Amino acid sequence: MELAIYNINGEDTGRKAQLNDEVFAIDANEHAVYLDVKQYLANQRQGTHKSKERSEVSGSTRKLHKQKGGGGARIGDINSPVLVGGGRVFGPRPRDYRFKLNKKVKQLARKSALTYKVQDNEIKIVENFDFEAPKTKEFIKIAKNLQVEGKKVLLVLASAENNVYLSVRNIPNAEVILAKDVNTYVLMRSNAILLTEGSLDVINNL
C-alpha cells in the first residue's frame, strides 16, 4: 500500500510512502481493539476509592433500645447502615484494576487500529520537520495546510523533538507521541493521524 507524502505546506511532494500491508491492511479484529483500550484505561485508574463500613464509623456501639417491646423495629448501634451517618454496606475498597493482556493481542489491536484509520482516510504522511523555537502558531499553520485543523490530531515522531512538543502541547485537540510509544488508545481517539517519514520506519515494523 502506498500513500502520498506531503510537506508542511500541505503540498504533495510527488513521492510515495510504502506502508507495510501486514500492519496497515490486515483483517482487523474489533474485539482485540476493545480489549486493548479497556486495559489501557484500566491501567490509568488509581483505585484509591474507599468508604467507611460499619466497624470503621466513629460512634458508640451501645444498643440504642431494647430488642422487643418498644413498638418499633429492632435496631443495633448508631453505626448501623440503615441509619443516617452509619457505615456503608459493601462500599468501595482500594483495589488494583490492572489486568494482563497477551502481547500478541496488543500487537493485533495496534495493527487493527492502524488498518481502520487507513480505511477511513485518517492517516497522512508528512516530511520530517522541526521548529527553530517553540511556536504554537507554526503547528496550527501546518494543521491548516494539511486540512486537519479542528480535528483530534495525533502527530507521530521518530524521535523526541522538544520544540515540536512544546509547540503542540497547548493545543486542546492535538497530541505528540513517539512512534515507539504508539498504542491502540491514542490511535482510536484521534481522527487525524500525521506520520512523519522517519516514524514510518518504526510503525511499519510494529
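Filter segment 35-59 down to the residues that are out of contact with any Leu (no Cβ under 8 Å at 6 or more places or on another chain), touching a residue at least 24 places away in the same chain (Cβ under 8 Å) and closer than 20 Å to Arg189 by Cα, then identify the one that is most open to solvent (accessible area, probe 1.4 Å).
Here is the first cut: in segment 35-59, the residues out of contact with any Leu (no Cβ under 8 Å at 6 or more places or on another chain) are 37-38, 40-59.
Next, from what is left, pick out any that are touching a residue at least 24 places away in the same chain (Cβ under 8 Å): 37, 40-43, 45, 47-57, 59.
Subsequent filtering for residues that are closer than 20 Å to Arg189 by Cα retains 37, 40-43, 45.
On the way: Val37: 31, Tyr40: 73, Leu41: 79, Ala42: 15, Asn43: 63, Arg45: 125 Å².
That would be Arg45.
Evaluated against (1) under 20 Å from the mean Cα position of the chain (by Cα); (2) of a type outside the set (D, E, K, R); (3) over 18 Å from Asn183 (Cβ atoms); (4) open to solvent by 90 Å² or more (accessible area, probe 1.4 Å), Asn162 falls short on exactly one condition, (1). Of all the listed residues (Gly70, Gly87), the sole one being of a type in the set (Gly, Ala, Ser), touching a helix residue (DSSP H, G or I) at 6+ places or on another chain (Cβ under 6 Å) and free of Cβ contacts under 8 Å to residues at least 60 places away in the same chain is Gly87. Across segment 75-120, the number of residues qualifying as in contact with a Gly (Cβ under 6 Å, 6 or more places away or on another chain) and either closer than 30 Å to Leu200 by Cα or basic (Lys, Arg) (or both) comes to 1.
With respect to Tyr6, determine if the residue is under 30 Å from Ile140 (Cα atoms), open to solvent by 70 Å² or more (accessible area, probe 1.4 Å) and at pLDDT 95 or above. Lay out the reasoning, then the answer.
Values: under 30 Å from Ile140 (Cα atoms): yes; open to solvent by 70 Å² or more (accessible area, probe 1.4 Å): no; at pLDDT 95 or above: yes.
Taking the combined requirement at face value, the residue does not satisfy it.
Within segment 191-206, residues that are charged (D, E, K, R) sit with their Cβ atoms under 9 Å from residues that are open to solvent by 10 Å² or more (accessible area, probe 1.4 Å) and outside any strand (DSSP E or B), at 6+ positions apart or across chains, in these pairs: Glu197/Glu127; Glu197/Asn128; Glu197/Ala158; Asp201/Ala158.
The values are calculated or read from the model by the stated rules, or taken from the named source; none is laboratory data. All values derive from a computational prediction rather than experimental measurement. Note that each Cβ is placed from the backbone with ideal geometry, even for glycine, and that neighbours are counted across all protein chains shown. All accessible areas refer to the heavy atoms of the entire protein, side chains included, with ligands and DNA or RNA removed. Shrake-Rupley method; radii C 1.70, N 1.55, O 1.52, S 1.80 Å.
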